[in-house]
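Let me begin by presenting the structure, written as structure tokens, before commenting on it.
The values are calculated or read from the model by the stated rules, or taken from the named source; none is laboratory data. In this text, all values refer to a predicted model and were calculated from it rather than measured experimentally. We place every Cβ from the backbone using ideal geometry, glycine too, and count neighbours over all the protein chains shown.
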Amino acid sequence: MCSTGTNAEQTAADPALVLELKTRRPPSLEGRAGCETWSVDFSPDGAWFAWSMGHGIVWVVAWPLDSEDSQDGDTDRGDKSFSCGHPVWGLAFGPRPPKLPAGAPAAQMPPKGTTSLLLATGLENGVIKIWNVLTGDAVFDLHGHEGVVRDLVFPQNGTLTLISTSRDKTLRIWDLAQKGKKVQVLSGHKDWISCCCVSSDCSMIASVGRFDRMVCLWSLRSYTFIRNLAGGIHKTLYLLSSCDFSPDGALLATAAFSGSSWWVDLWDPYTAEKLATLVDYFEDYGQNQISAIQFSPNGLHLAMVTDDRALRVWEPGQKGMEMQTKVDRDANGLCCKYHPKGGVVATG
């Protein structure tokens with residue numbers, strides 16, 4: 001259920017595929033650079049889904065798409081599009097409420113009007129635009145990065161803190177409560193930063209450098225460098241693409257690829273010990289890099305998407321994949337994101 005400009009198609013081509021969102025574009029734009037879906041995200045409560053549909057447009061739709069209710073009290077549940085003016089490489093909903101301990105009673109929702117659901121969009125020109133999802137209004141812009149803003153993360157602590165990574169080799173920690181006027185800059189990477197993630201207790205940030213092959217850990221409390229995770233038997237010529245903490249913070253997964261294989265390493269972020277590695281080899285040299293990984297909300301599985309658009313789901317400790325979708329070499333797989341309640345994975 002999407003507004004004019006997109007199609008939501010159900011298909012039997014792959015039994016695991018629930019639906020596919022497609023963008024209606026003029027034939028002159030088909031296949032041209034700028035139409036890629038670099039990032040997708042679900043809101044913390046799972047009620048909204050956002051995807052960068054290319055050419056500077058972000059589409060936000062109510063989830064699930066087949067919901068019959070387009071209105072929820074005074075809240076407009078209609079589809080929304082945000083025109084960012086430049087290609088969108090990263091996006092994230094926030095703030096994200098703290099995770100409740102097992103067995104704890106559900107937290108009460110704050111009074112209406114005291115909080116707003118925000119969407120941060122990272123642009124190719126280095127600007128981060130902050131949007132109010134419910135009103136569709138642009139709130140303010142964040143300036144400081146000097147390259148593509150590749151990834152954005154709100155820590156799961158309910159604050160208006162936003163972490164961004166960029167091709168300018170830095171991470172920035174923004175206080176949105178002060179409209180980004182207070183910012184911490186973390187430097188140490190030697191080249192583009194592909195991805196970042198935050199531990200569940202919000203004490204640690206992990207970031208991976210695509211070309212410098214650094215897995216850096218940073219303190220979110222003191223804004224200082226902790227260590228670089230390194231080691232193993234991997235080839236020297238490889239690139240890092242993604243990382244994610246397990247929901248309990250005990251594991252850090254990192255994804256990398258070379259010309260003939262990709263692999264996922266599992267680390268103990270506190271001891272820097274490498275615990276396990278999943279490796280996949282392919283016949284066509286340089287044809288199937290791994291693009292993104294994410295742990296499931298319950299921490300039992302790790303989803304990964306590769307260049308052939310196949311989604312793979314791995315249970316750490318097992319040799320094979322628990323699930324793998326069909327290959328589609330007509331487009332590249334670039335990102336993946338679990339729904340907060342699990343059961344559904346969105347890929348771009």
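Residues in segment 330-348 that are more than 20 Å from SER200 (Cβ to Cβ), touching a residue at least 24 places away in the same chain (Cβ under 8 Å) and not small (Gly, Ala, Ser): ASN332, LEU334, CYS335, VAL344, THR347.
SER296 satisfies every condition listed in (1) under 20 Å from VAL198 (Cβ atoms); (2) hydroxyl-bearing (Ser, Thr, Tyr); (3) crowded, with 20+ Cβ neighbours inside 10 Å except (3).
Among the candidates LEU266, LEU252, LEU311, LEU278, the residue that is surrounded by 15 or more Cβ atoms within 10 Å (Cβ to Cβ), among the hydrophobic types (A, V, I, L, M, F, W, C), modelled with pLDDT of 90 or more and over 19 Å from the mean Cα position of the chain (by Cα) is uniquely LEU278. Applying the criterion of being part of a strand (DSSP E or B) and under 14 Å from the mean Cα position of the chain (by Cα) to the residues of segment 292-307, the residue that is nearest to TRP38 (Cα to Cα) is ALA292. Of the strands (runs of 3 or more DSSP E) lying entirely inside segment 153-260, the ones with 2 or more residues being closer than 18 Å to GLY122 by Cβ and among the small types (Gly, Ala, Ser) are found at 161-166, 204-209, 239-245. Every condition in (1) under 23 Å from THR224 (Cβ atoms); (2) buried (at least 17 other Cβ atoms within 10 Å of the Cβ); (3) basic (Lys, Arg) is met by LYS190 except one, and the failing one is (2).
The requirement of being in the same structural domain as ALA272 (by TED's automatic domain parsing), surrounded by 15 or more Cβ atoms within 10 Å (Cβ to Cβ) and free of Cβ contacts under 8 Å to residues at least 24 places away in the same chain is not satisfied by ILE205. Consider segment 26-50 and keep the residues that are at pLDDT below 95 and outside any loop (DSSP other than H, G, I, E, B). The one that is nearest to VAL149 (Cα to Cα) is LEU29. When the residues of segment 139-152 are filtered to those that are in contact with a Ser or Thr (Cβ under 9 Å, 6 or more places away or on another chain) and assigned to a strand (DSSP E or B), the one that is farthest from MET204 (Cα to Cα) is VAL139.
Consider GLY136 carefully, then state whether it is of a type outside the set (Ser, Thr, Tyr), touching a strand residue (DSSP E or B) at 6+ places or on another chain (Cβ under 7 Å) and assigned to a loop (DSSP other than H, G, I, E, B). Criteria met by GLY136. Go through the residues of segment 317-327 one by one and say whether even a single one is free of Cβ contacts under 8 Å to residues at least 12 places away in the same chain and part of a strand (DSSP E or B). Yes, there is a match, as at least one residue in segment 317-327 is free of Cβ contacts under 8 Å to residues at least 12 places away in the same chain and part of a strand (DSSP E or B). Considered as a group, the residues in segment 66-106 that are at pLDDT below 65 and among the small types (Gly, Ala, Ser) include one that is nearest to SER116 (Cα to Cα), and that residue is GLY73.
Mind checking whether some residue in segment 128-142 is in contact with a helix residue (DSSP H, G or I) (Cβ under 7 Å, 6 or more places away or on another chain), outside the structural domain of ARG213 (by TED's automatic domain parsing) and crowded, with 20+ Cβ neighbours inside 10 Å? Within segment 128-142 (the criterion being in contact with a helix residue (DSSP H, G or I) (Cβ under 7 Å, 6 or more places away or on another chain), outside the structural domain of ARG213 (by TED's automatic domain parsing) and crowded, with 20+ Cβ neighbours inside 10 Å), the answer is yes, since at least one residue qualifies. Of the residues making up segment 242-278, those that are within 14 Å of LEU302 (Cβ to Cβ) and of a type in the set (Ser, Thr, Tyr) are SER242, SER246, THR254, THR277.
Among the residues of segment 290-343, those identified as hydrophobic (A, V, I, L, M, F, W, C) and either more than 20 Å from PRO15 (Cα to Cα) or in the same structural domain as ARG150 (by TED's automatic domain parsing) (or both) are ILE290, ALA292, ILE293, PHE295, LEU300, LEU334, CYS335. If you go through segment 165-182, how many residues are touching a residue at least 40 places away in the same chain (Cβ under 8 Å) and in contact with a Gly (Cβ under 6 Å, 6 or more places away or on another chain)? Count: 3.
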